[in-house]
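A short worksheet on the structure shown next.
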Amino acid sequence: MTLMTRLLAVFALAVLLTVLIPTKAASPESWLGLPVTFSEDGYGFHPWPAKVIKDIKVHTPDPVTMNKGWVTPDWAAWITGGKTNRIQLEVDEIVAKPSSLLRFGTVDGKTTRKVTSLKFAKLKLLLGNTSISLPAGRMEFAEDGTLKRATIDIEQLVTLEAAPVDGKLVTFFKTGNWKWGVLSGLRFDQVVAQGSLTDDLILFDKIGATGLGGSVEGVVSIAVTDGFAVAGDIQLDKMSAQELLSGFFAGHTVQGTVTAKAKFSAAAKTLEELEKAVVTASGSYSAKSGSIDRFGLLEGIRRPNSGSAGGGLTRYQTLEGSFSGATGKSSAVSIRRLDGNNLQGSSSFQVSPEGKLQGTVSGSLRLPNGEVKARSMLLGGTVKAPDVVVP
């Protein structure tokens with residue numbers, strides 16, 4: 001340790017002794033007007049001189065607890081204004097309910113210590129009968145000592161923020177290159193979400209995401225009691241059908257630009273299990289200016305006798321329908337309308353988790369002379385190679 005470092009350490013310790021005394025023999029401290037209790041072991045280095053306190057409890061209706069903390073004066077406030085009641089705090093872990101963090105947004109009564117910043121190594125949020133463990137972050141406080149913002153940055157990829165606003169704990173979430181394990185087909189370049197957090201509900205009511213050539217917006221809620229129950233209502237806009245479906249079925253034959261509305265739900269005991277949970281989804285879709293390769297609708301209408309219609313490329317201007325299903329199970333898909341000018345079609349079929357197709361397809365073709373030929377057929381094969389069969 002250099003001479004200058006030693007002098008700075010002595011100076012810091014001297015300030016600590018004058019600023020942070022009295023100790024536990026004095027009246028209890030209060031932060032935000034709330035009683036604060038702890039046991040004090042004295043002084044140590046972290047890495048500079050600091051007061052070490054243990055078993056910290058901020059007495060909100062549901063107390064906020066911290067196992068161990070290091071307290072130093074807010075040096076900037078002390079040097080510029082002699083505000084000796086302002087402190088900086090660094091703790092190992094905060095355990096709290098969202099409602100308790102919300103309570104940090106108001107001052108109630110006399111405050112003996114104003115916390116200007118708080119760094120934590122971990123944050124355990126108590127939600128329902130379970131909890132979420134989050135990594136290191138920080139809390140910033142306003143001039144009056146109230147909580148202004150809590151922020152967690154995860155490996156420079158994810159940003160989580162929470163702030164008391166108008167009686168709500170408003171949350172903000174931002175990330176890039178994100179996908180949900182059980183719906184890996186939905187891959188996003190960037191996700192931004194805003195909502196609110198209570199003791200039993202995580203709500204993102206403003207979601208915006210980009211990816212797969214288009215965008216997504218919607219609402220997602222996570223109810224928390226004995227586990228996690230997710231419910232979402234989203235809209236996909238102008239996404240690439242090829243990129244979207246490739247995430248679910250490799251080698252599919254559909255191209256175009258897709259807009260869709262979907263509702264989905266999933267439930268699990270833990271967040272880790274939620275990553276692999278069964279997701280149930282249903283909705284409607286509309287695709288524009290695309291094609292379905294190896295889909296022999298036209299050939300089936302023209303075929304003079306029964307049998308497989310063979311391949312072909314079916315182009316469409318509009319493709320509309322609906323879908324429903326669950327991960328790991330067969331899905332039901334309808335093509336309510338396939339509009340290819342003179343060629344029209346519809347279909348109803350099941351898609352197995354392995355990509356096998358089973359259902360019916362109907363089509364009509366308007367000939368140059370005005371005559372219309374129509375036929376109902378069977379649909380089999382796979383998403384890679386659909387097989388239209390004339391019975």
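The values are calculated or read from the model by the stated rules, or taken from the named source; none is laboratory data. All values reported here derive from a predicted model rather than from experimental measurement. For neighbour counting, all protein chains shown are included, and Cβ atoms are generated from backbone atoms with ideal geometry for every residue, glycine included. The protein model used for the area step is the full one, side chains on, heavy atoms only, and it has no ligands, DNA or RNA in it. Shrake-Rupley method; radii C 1.70, N 1.55, O 1.52, S 1.80 Å.
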Region 353-381 versus region 287-330: alpha-carbon centroid distance in Å: 7 Å
Mean residue ellipticity (222 nm) of the chain, computed from DSSP H runs ≥ 4 via -39,500 (n - 2.57), nearest 500: -3000 deg cm²/dmol
(1) 0.96; (2) 1.21; (3) 1.11, with the label sought being that of the calculated Rg/Rh (Cα atoms, Kirkwood Rh): (2)
The chain, accessible surface, carbon-and-sulfur percent (1.4 angstrom probe): 55 percent
Accessible-area ranking of Trp70, Trp178, largest first, probe 1.4 Å: Trp178, Trp70
Around Asp92: net Lys/Arg minus Asp/Glu count, Cβ-Cβ under 13 Å: +2
Calculated FRET value between Ser39 and Leu271, using beta carbons and R₀ = 30 Å, to 0.05: 0.35
Neighbour-limited loop hits for trypsin sites (Lys or Arg not before Pro), region 86-142 (at most 12 other Cβ within 10 Å; DSSP other than H, G, I, E, B): Lys110
In degrees, nearest ten, helix 3-19 long axis to first principal axis of the chain (Cα): 80 degrees
Eligible lysines near Lys119 by straight Cα distance, threshold 25 Å, same-chain separation 8 or greater: Lys24, Lys51, Lys54, Lys57, Lys68, Lys83, Lys97, Lys110, Lys148, Lys168, Lys174
Asn341 versus Thr225: modelled label distance in nm, points set 7 Å from Cα along the beta carbon direction: 5.7 nm
Local net charge near Gln235, Cβ-Cβ under 9 Å (Lys/Arg +1, Asp/Glu -1): -2
